[in-house]
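Everything on this sheet refers to the single structure shown next.
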Amino acid sequence: MPELVFFSGTMDCGKSTLALQIEHNRSARGLTGIIFTRDDRAGEGKLSSRLGLVTDAVEVEDGQDLYAYLVDHLSQGGRADYVIADEAQFLAPEQIDQLARVVDDLDLDVYAFGITTDFRSKLFPGSQRLVELADRVEVLQVEALCWCGARATHNARTVGGEMVVEGAQVVVGDVNQADDIGYEVLCRRHHRRRMTAGTARAAALSPDVLPVPPAGARF
């Protein structure tokens with residue numbers, strides 16, 4: 001039976017790479033898919049991974065009916081054997097409902113990929129709806145790591161290397177960007193402490209945290 005599957009994880013854990021792999025595997029078997037994306041790092045109408053792989057995709061617009069898009073595509077003689085939706089956290093809840101309808105009414109598998117929570121550890125509306133509707137939720141097993149070496153579970157937004165917890169929910173950026181707006185994956189402990197790799201390095205170099213010699217010590 002066709003399924004709506006949500007592949008979730010933090011940033012930098014290989015979601016888009018897996019989406020591209022699924023596309024490659026199915027196209028190699030003669031299947032044709034429709035790829036939706038929203039606000040990809042490579043620009044409009046692209047699905048890309050940090051490994052340098054990229055393919056064309058349909059850029060989803062605000063208010064666009066994804067079910068109607070598929071019906072129109074098929075009605076005009078187009079082919080669709082499956083659907084991939086990358087950056088699914090940026091889709092509206094009603095667009096997730098439309099993807100579920102694609103599965104139920106058009107008998108197509110839909111593979112959605114996205115992060116679950118934003119930089120404030122709040123659920124994206126699209127991801128929340130996917131958790132509610134998906135036949136399966138798969139947490140990716142390629143673990144992203146915090147700078148301390150622990151498993152990264154949270155997405156942090158940085159401005160000039162400093163973690164911020166206020167601002168618009170959707171601001172396009174990428175990991176490991178020191179200037180302007182960037183993102184970094186952290187463990188819960190360091191997300192709570194707002195300690196990024198940059199602030200940790202600065203703290204380690206600060207004379208305020210250097211060990212103090214005991215009184216009377218001679219050098």
Practice problem: Bin width 5 Å, alpha-carbon pairs only: give the P(r) of segment 1-116 as whole percents, running from 0 to the bin holding the largest distance. | Solution: 2, 12, 24, 26, 22, 11, 3, 0
Exercise. Between S121 and E3, take the C-beta separation as r, use R0 = 25 Å, and let me know the FRET efficiency to the nearest 0.05.
Key: 0.35
Quiz item: Using only helices, what value at 222 nm comes out for the chain when you add -39,500 (n - 2.57) per DSSP H run of length 4 or more and divide by the total residues, to the nearest 500 deg cm²/dmol?
Solution: -8000 deg cm²/dmol
Self-check item: Per residue accessible area in Å² of the chain, where ligands, DNA and RNA are left out and the probe is 1.4 Å
Solution: 54
Quiz item: So what is the relative contact order for segment 1-141, in percent, with contacts set as C-alpha pairs under 8 Å and at least six apart?
Solution: 37
Practice problem: Any chance you could run the full-extension gain for D135 through D104? It's 0.36 nm times the residue separation minus the Cα-Cα distance, nm to one decimal. | Solution: 10.1 nm
Quiz item: Using Cα atoms only, what is the angle between the long axis of helix 66-75 and the major principal axis of the chain, expressed in degrees (0 to 90) to the nearest 10?
Solution: 40
Practice problem: Can you send over the carbon and sulfur percentage of the accessible area for the chain, probe radius 1.4 Å, protein chains only? | Solution: 49
Practice problem: Can you pull the one-decimal nm distance between simple spin-label points at Q64 and D39, each 7 Å off the Cα toward Cβ? | Solution: 1.5
Practice problem: Between G182, G126, G52, find the one with the highest GNM mean-square fluctuation for the chain; connect C-alpha pairs within less than 10 Å. | Solution: G52
Quiz prompt | GNM result for the chain, Cα springs below 10 Å: residue of V71, V60, V137 fluctuating most strongly | solution = V71
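Once R0 is set to 41 Å, what does the formula 1/(1 + (r/R0)^6) return for the Cβ-Cβ distance between A168 and Q21, expressed as a FRET efficiency to the nearest 0.05?
So, using R0 = 41 Å, E works out to roughly 0.85.
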Practice problem: Enter the mean projected area of the convex hull around the alpha-carbon atoms of the chain, in nm², rounded to one decimal. | Solution: 15.1
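The values are calculated or read from the model by the stated rules, or taken from the named source; none is laboratory data. Not measured: the values here are computed from a predicted model. Methodologically, a virtual Cβ is constructed for each residue, glycine included, from the backbone with ideal geometry; neighbour enumeration extends over all protein chains shown. Please note that ligands, DNA and RNA were not included when accessible areas were found on the heavy atoms of the full protein model with its side chains. Shrake-Rupley method; radii C 1.70, N 1.55, O 1.52, S 1.80 Å.
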